[in-house]
1. Hey, among the residues in region 212-241 that are acidic (Asp, Glu) and touching a residue at least 40 places away in the same chain (Cβ under 8 Å), which one's surrounded by the fewest Cβ atoms within 10 Å (Cβ to Cβ)?
2. Six or more apart or on different chains, Cβ under 7 Å: which pairs go from a residue in region 242-264 that's within 19 Å of Ile204 (Cα to Cα) and assigned to a helix (DSSP H, G or I) to one that's polar (S, T, N, Q) and away from the ligand (no atom under 16 Å from the Cβ)? Could you list them?
3. Hey, any hits in region 24-34 for a residue that's free of Cβ contacts under 8 Å to residues at least 60 places away in the same chain and surrounded by 18 or more Cβ atoms within 10 Å (Cβ to Cβ)?
4. Got at least one residue in region 93-111 being over 26 Å from Ile259 (Cβ atoms), surrounded by fewer than 22 Cβ atoms within 10 Å (Cβ to Cβ), without any contact (Cβ under 8 Å) to a residue 60 or more places away in the chain and within 16 Å of the ligand (Cβ to nearest atom)?
5. Which of the residues that make up region 181-214 are out of contact with any strand residue (DSSP E or B) (no Cβ under 7 Å at 6 or more places or on another chain) and part of a loop (DSSP other than H, G, I, E, B)?
6. For region 275-328: of the residues being under 21 Å from Lys222 (Cβ atoms) and of a type in the set (Lys, Arg), which is surrounded by the most Cβ atoms within 10 Å (Cβ to Cβ)?
7. Out of (1) buried (at least 21 other Cβ atoms within 10 Å of the Cβ); (2) within 16 Å of the ligand (Cβ to nearest atom), the odd one out for Leu209 is which?
Amino acid sequence: MSERIEDIAVKMVAGGKGLLAADESTATIKKRFDAISLVSTEESRRDYREMLFRSDDAMKKYISGVILYEETLFQKAADGTPFVDIIKAAGSIPGIKVDVGAKPLAGFPGETVTEGLDGLADRLAKYYDAGARFAKWRGVIAISDVLPTYGAIKANAHALARYAALCQQAGIVPIVEPEVLMDGEPGTQSLDRSEDVTRWTLQIVFQELAEARVKLEGMILKPSMVIDGKKARKASVEQVAERTVKVLKETVPSAVPGIAFLSGGQSTEEATAHLSAINSGHDLPWKVTFSYGRALQDSALKAWGGKAENVAAGQRAFTHRAEMNYLAAKGDWTKEREKAA
Ligand code: 5MM
């Protein structure tokens, strides 16, 4: 019997586990590999992801699901085992990024709308057959002193809602990811501005989800934190946590089972510290965990460096980061635990 989307959603955010966002498109993974002077080929991408997915301890104890890029969903490890089977054997759930990227929004200079709705129902059926039980779509909201516009938020929220409805119809849990960027110029992205834009974005997203009849119990929200621009960050960990909790409580219905943050270019330790502060001392109606890409992978990628002899070192780095974020999802991370590990 097929599993109910409500049960899959609960499992994705249970017990301090979180999601590994390993869905970098071919262009993005190339950028990541450029940083370690590694050529991106189908084989090097396979080797890198195999190193992560075969980190047994991390996968079993800390990672509830993995967001894959289409190539990886259908890819096999070097010994011929499908990646989907490796992920499932660790008790983790395979997921799939289904958007085809943020494209310039006609009539709205500097803003984008995420595309990928055409033919999505057919693709979802194919992904379900391949083992995917959740999906991800990322809408990107630019921030400056004049952006975002209502038109751009509305267009992205509408696409997110159409995508979510199609996923649920296919038996797949949609991760709804409206990312408010944090690369505003100094002076244009204060904590107050980030709070206003994040609130406005989430209000419109949940309005669109309601209009599209998306079942809140069968989705996961993947938001950005309320944080000031990374070019001139002044906010303390506690301020980021307080403002983020405030905005989420104002906008996210308690019927949503879980919130899994993106890291958005925060340093690995910042992303962990913020998640832990959000989870400690706040009475939250949802599970709150991580769905990090860079903040889970950066140290592992460096330690691995594209070399077969460094697989164990890469896995150690990944396991450490995953454990720190698992502690953070329970509000139990401290600097001391970071150092002790
Ligand atoms: C892992 O990066 C994901 C894919 O990015 P592209 O589609 O641009 O290649 C990205 O969507 C990711 O899932 C989220 O943004 C969270 O990643 P970060 O690195 O912000 O935690």
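Each value in this text was obtained by applying a stated rule to the coordinates, not by laboratory testing. Keep in mind that this is a model prediction, so the values were computed, not measured. Cβ sites come from the backbone with ideal geometry, for glycine too, and all protein chains shown count toward neighbours.
1. Initially, region 212-241 is screened for residues acidic (Asp, Glu), giving 217, 228, 238.
Now restrict to residues that are touching a residue at least 40 places away in the same chain (Cβ under 8 Å): 217, 228.
Numbers: Glu217: 15, Asp228: 22.
The extreme case among them is Glu217.
2. Taking only residues 6 or more apart or on different chains, the pairs are Thr251/Gln203.
3. Keep residues of region 24-34 that are free of Cβ contacts under 8 Å to residues at least 60 places away in the same chain, which gives 26-31, 34.
Those left that are additionally surrounded by 18 or more Cβ atoms within 10 Å (Cβ to Cβ): 29.
Taking every residue of region 24-34 in turn, at least one turns out to be free of Cβ contacts under 8 Å to residues at least 60 places away in the same chain and surrounded by 18 or more Cβ atoms within 10 Å (Cβ to Cβ).
4. yes
5. Those that are out of contact with any strand residue (DSSP E or B) (no Cβ under 7 Å at 6 or more places or on another chain) and part of a loop (DSSP other than H, G, I, E, B): Met182, Asp183, Gly184, Glu185, Pro186, Gly187, Thr188, Gln189, Ser190, Ala212, Arg213, Val214.
6. Arg321
7. Leu209 satisfies all of (1) buried (at least 21 other Cβ atoms within 10 Å of the Cβ); (2) within 16 Å of the ligand (Cβ to nearest atom) except (2).
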